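What follows is a set of notes on a single structure, which appears directly below.
The values are calculated or read from the model by the stated rules, or taken from the named source; none is laboratory data. Everything quoted here is computed from the prediction, not taken from an experiment. Note that each Cβ is placed from the backbone with ideal geometry, even for glycine, and that neighbours are counted across all protein chains shown. Protein only, heavy atoms only, side chains kept; ligands, DNA and RNA dropped before computing areas. Shrake-Rupley method; radii C 1.70, N 1.55, O 1.52, S 1.80 Å.
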Amino acid sequence: ACKKMSKKMSSLCLVLLCVCVHIYLTKGINEIINSEIIKHNGLDRKYTIKIPPTCESIGSGCALIFLIHEEKMNPSFEFNIPYFIVVVPDGYEDSWNGGECCGSAAELKINDIDFIRTLYSKILIDFDGVIDPRLTFIVGHSNGGFFTSKLLQDPPKFITAAAFIAGHTFQIETITKKHSLPVAIYWSKADKKINFNGCCIEEPESCHLGISNQSPSCSERIGVEKIVEKWIEINECDGLEKITKNNEYFCQRGVNCKNGEVINCEFSFLSHSKTADWVFNDQTEFSIHQFFKSTACSFDEKFCSEKNKIIKANASSKSKTPSKSPAKSKSPSKSKTSTSSKTVLPSLTSSLTSSKTSSETPTETSSETPSETPSKTSSETPSETSS
């Protein structure tokens, strides 16, 4: 086709063709995307796993993140960060059992908590020595957010931090300090599907998919404000401080939190689905990407931004500064003191299992954490619920 054009247009055509070929080939080289099936409680459960090129060798020390989709929709958002392996499991008939919400999974009381545990154990085996077991994150949107918060109520003991987008259980009394961990909560005041101010049983139309039928009474209405206050209490923060504000949204952060960071961003005009689009925008300062990278940074410096590296270095140098002696030595002799110190991370397992389990994967018991699951150094436990 390029030959039939003028010389100038032909050259342009060839350039565009080369660019397209380069993008196609580069995509194949830069990432591996596999769709797999795991057998759980007699059901074939599907999931997709995306491996960046930085996570293709033993000793990579990669983080793992679960993306839990909303009901009837697989996530359209992207999570592309070096050293993050992304897992997108499919809910039962495209839904998750989040207690209050939603679809077939909630109606049939599908044990999605044990499904995630079982899947996590399988992935650790498949990527033995590649994944750092201290760095496992989860984010749920809508029905996925309800499920994520339910997961935290029955802690799987391997989640490092959790994020909720327009979805979180309204039964917040079920979450206690033993479930503390870094959390980020994103919600829009214009959300027409899951009310920012909460759902209640006397107003069945205030939230879709029958969520109101499982919600507290209107006199005890639990909205986003009370959900955030609960996490401030659980993570033992000294209140909240606003960190940014404009006409479209504002974000706030917990002050001096002892048990994990709390981030909350509230939007003025975004719809239910557009909230997720904003959160997964890699350029925003308070996006999911930045929240999880910042949390991972406290474990491994390769996840740190330049700003975080400076903060860590300053904190480290302060802790190493020797206290001044009240008495001065009269000796003129000079001594050199080395102040450099390098943090050594625990080494990961040294072998990568080549065999992959598929539909032969045995079913797990619903209430026990699989024995393969390593214990984390952090005490944080997450739970996901979708809406």
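Tabulated data for the structure shown
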{"item": "For segment 132-148, Karplus couplings with θ = phi - 60° (6.51, -1.76, 1.60), whole Hz, Gly/Pro x", "result": "7, x, 7, 10, 10, 10, 9, 9, x, 10, 6, 3, x, x, 4, 5, 4"}
{"item": "Ratio of Rg to Rh over segment 42-196 (Cα coordinates, Kirkwood Rh, two decimals)", "result": "0.96"}
{"item": "Phi-based couplings in Hz for segment 250-265 (Karplus 6.51, -1.76, 1.60; Gly and Pro marked x)", "result": "9, 10, 9, 9, x, 9, 6, 6, 8, 10, x, 5, 10, 10, 9, 10"}
{"item": "Surface accessible to a 1.4 Å probe, per residue, for the residues of segment 40-194, Å²", "result": "29 Å²"}
{"item": "Ordering of 177-185, 146-154, 132-140 by packing [mean C-beta count within 10 Å, highest first]", "result": "146-154, 132-140, 177-185"}
{"item": "Cut-off under 5 Å, modelled amide H: who pairs with Phe137 long-range", "result": "Leu64, Ile65, Phe66, Thr160"}
{"item": "Packing-based order for 61-70, 164-173, 223-232, using average beta carbon neighbours within 10 Å, highest first", "result": "164-173, 61-70, 223-232"}
{"item": "Karplus (6.51, -1.76, 1.60) ³J(HN,Hα), θ = phi - 60°, over segment 223-236, in Hz, Gly and Pro reported as x", "result": "x, 4, 4, 6, 5, 5, 4, 5, 6, 4, 5, 4, 8, 6"}
{"item": "Overall form of segment 134-230 per C-alpha gyration tensor (a/c, 1.5; a/b vs b/c)", "result": "prolate"}
{"item": "Rough spin-label spacing in nm, given labels placed 7 Å along Cα→Cβ, for Asp238 and Glu173", "result": "3.1 nm"}
{"item": "Gain on full stretching of the segment that runs from Asn80 to Asp154 - 0.36 nm per residue minus C-alpha separation", "result": "23.7 nm"}
{"item": "Where labels lie 7 Å past Cα in the beta-carbon direction, separation of Glu229 and Ser35 in nm", "result": "4.6 nm"}
{"item": "Label-point gap, in nm, between Lys245 and Ser57 - each point 7 angstrom along Cα→Cβ", "result": "5.0 nm"}
{"item": "Mean Cβ neighbour count within 10 Å, used as a protection proxy, ranking 106-116, 234-244 highest first", "result": "106-116, 234-244"}
